[in-house]
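Comments concern the structure below.
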Amino acid sequence: MVIDSHAHLYWKRFHEDRAQVIENALAAGVGHIVVPGTNVATSGEAIELARGTNHLHAAAGMHPSDCMHDSPESRETLAQLMADPECVAIGEAGLDFFHRDNPPLEKQEACFRWQLEKAIELNKPIIVHCRDSHADTLRLVGDYPELRGVLHCFTMGPEEMQAYVDLGFHISFSGVVTYPKNKTNREAARLTPEDRILVETDSPFLAPQGHRGKRNEPAYVVHVLKEIARVRGVDEKTMAATTDANAKALFGL
């Protein structure tokens, strides 16, 4: 079995055929899907999607692009969602300096720190979003040595990967690793320690090579797995077993 460690199945692009998308994933050998929230509303949706199923698992958090809505009221509601038994992780949370209209660093950092502290308080892993913000992300997670979690949709190279691994984090690779020009990212995938590597789709975004320009979905995580197995010189069955065991250990599945 394969585990898609990050898919936004509540996204509007899945509203009409979500059940079929999930069936497609199961048919492709995807046994579990982690569904992270990005704000109060989507965190609630993720938890309700996961409730009563064996293959969907929710995370609750606030994405840096949504942290303009960070407030005492939103934190109170999110804290309740984070404590829900269906919630296996905190996030996605982090820093994003790519979009110019995102909140300033001070606002993003305050929201991120609160979620880092909730992850420790609740003893749950944190799902970290890092876009054009490596130095500050590393600084913040480094302030909490007891943290465990994953750098989701990792797009950087071996040096950055090692910095997070040294802090005890897992590294999750997406369809980005299949793009022909991303040799540095493939090298990071080759070198990530066996017990720290995960795979994901980040659906509906970042469809793998061969599906680019189309909606991504959890079934396509097998393409990510295949490419990582190739660069690591192992067979797909072995790679699937490795990422399956890592995801189950991290998220307590």
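The values are calculated or read from the model by the stated rules, or taken from the named source; none is laboratory data. Computed from a predicted structure; not experimentally measured. No Cβ is skipped: glycine too gets one built from the backbone with ideal geometry, and neighbour counts run over all protein chains shown.
If we scan the stretch 81-92, do we find a residue that is touching an Asp or Glu at 6+ places or on another chain (Cβ under 7 Å) and not hydrophobic (A, V, I, L, M, F, W, C)?
Within the stretch 81-92, none of the residues are touching an Asp or Glu at 6+ places or on another chain (Cβ under 7 Å) and not hydrophobic (A, V, I, L, M, F, W, C).
Quick one: what pairs do we get from the stretch 100-117, first residue in contact (Cβ under 8 Å) with a residue 12 or more places away in the chain and surrounded by fewer than 20 Cβ atoms within 10 Å (Cβ to Cβ), second among the hydrophobic types (A, V, I, L, M, F, W, C) and part of a loop (DSSP other than H, G, I, E, B), C-beta under 8 Å, 6+ apart or different chains?
Taking only residues 6 or more apart or on different chains, the pairs are Leu105/Phe97.
Output the number of the condition that Gly52 fails; it satisfies all remaining conditions of (1) modelled with pLDDT under 95; (2) in contact with a helix residue (DSSP H, G or I) (Cβ under 8 Å, 6 or more places away or on another chain); (3) of a type outside the set (Asp, Glu).
(2)
Filtering the stretch 131-158 down to residues that are of a type in the set (Val, Ile, Thr) and either at pLDDT below 95 or under 18 Å from Gly61 (Cβ atoms) (or both), which residue is surrounded by the fewest Cβ atoms within 10 Å (Cβ to Cβ)?
Val141
Would you tally the residues in the stretch 112-130 being in contact with a Pro (Cβ under 8 Å, 6 or more places away or on another chain) and either at pLDDT below 95 or hydrophobic (A, V, I, L, M, F, W, C) (or both)?
3
Within the stretch 108-166, how many residues are in a strand (DSSP E or B) and not β-branched (Val, Ile, Thr)?
The number of residues fulfilling the criteria is 5.
Quick one: how many residues across the stretch 184-211 are within 26 Å of Ala58 (Cα to Cα) and of a type in the set (Lys, Arg)?
Count: 1.
Conditions tested, residue by residue: (1) under 14 Å from His6 (Cβ atoms); (2) without any contact (Cβ under 8 Å) to a residue 24 or more places away in the chain; (3) not aromatic (Phe, Trp, Tyr).
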{"residue": "Leu138", "(1), (2), (3)": "no, no, yes"}
{"residue": "Gly175", "(1), (2), (3)": "yes, no, yes"}
{"residue": "Thr184", "(1), (2), (3)": "no, no, yes"}
{"residue": "Arg196", "(1), (2), (3)": "no, no, yes"}
{"residue": "Ala229", "(1), (2), (3)": "no, yes, yes"}
{"residue": "Val234", "(1), (2), (3)": "no, yes, yes"}
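Please verify whether Asn216 is of a type outside the set (Lys, Arg), under 23 Å from Trp11 (Cα atoms) and in contact (Cβ under 8 Å) with a residue 24 or more places away in the chain, treating the condition exactly as stated.
yes
Considering only the stretch 167-183, state which residues are of a type in the set (A, V, I, L, M, F, W, C) and either touching an Asp or Glu at 6+ places or on another chain (Cβ under 8 Å) or outside any loop (DSSP other than H, G, I, E, B) (or both).
Ile171, Phe173, Val176, Val177
Can you tell me which residue in the stretch 13-37 is nearest to Met1 (Cα to Cα), limited to those that are free of Cβ contacts under 8 Å to residues at least 60 places away in the same chain and touching a Phe, Trp or Tyr at 6+ places or on another chain (Cβ under 9 Å)?
Val35
Quick check: is even one residue across the stretch 75-97 among the polar types (S, T, N, Q), touching a residue at least 12 places away in the same chain (Cβ under 8 Å), over 18 Å from Ser172 (Cβ atoms) and out of contact with any strand residue (DSSP E or B) (no Cβ under 7 Å at 6 or more places or on another chain)?
Checked against the condition, which is being among the polar types (S, T, N, Q), touching a residue at least 12 places away in the same chain (Cβ under 8 Å), over 18 Å from Ser172 (Cβ atoms) and out of contact with any strand residue (DSSP E or B) (no Cβ under 7 Å at 6 or more places or on another chain), the stretch 75-97 yields at least one hit.
Only residues that are assigned to a helix (DSSP H, G or I) and either within 29 Å of Glu146 (Cβ to Cβ) or at pLDDT below 95 (or both): list them for the stretch 186-213, please.
Within the stretch 186-213, Ala188, Ala189, Leu191 qualify.
Starting from the stretch 159-172, keep only residues that are under 17 Å from Lys183 (Cβ atoms) and modelled with pLDDT under 95, then list their pairs with residues that are assigned to a helix (DSSP H, G or I) and not aromatic (Phe, Trp, Tyr) whose Cβ atoms are within a distance under 8 Å, requiring at least 6 positions of separation or different chains.
none
Out of Pro104, Pro64, I need the residue that is of a type outside the set (A, V, I, L, M) and at pLDDT below 95. Which one?
Matching residue, one of Pro104, Pro64: Pro104.
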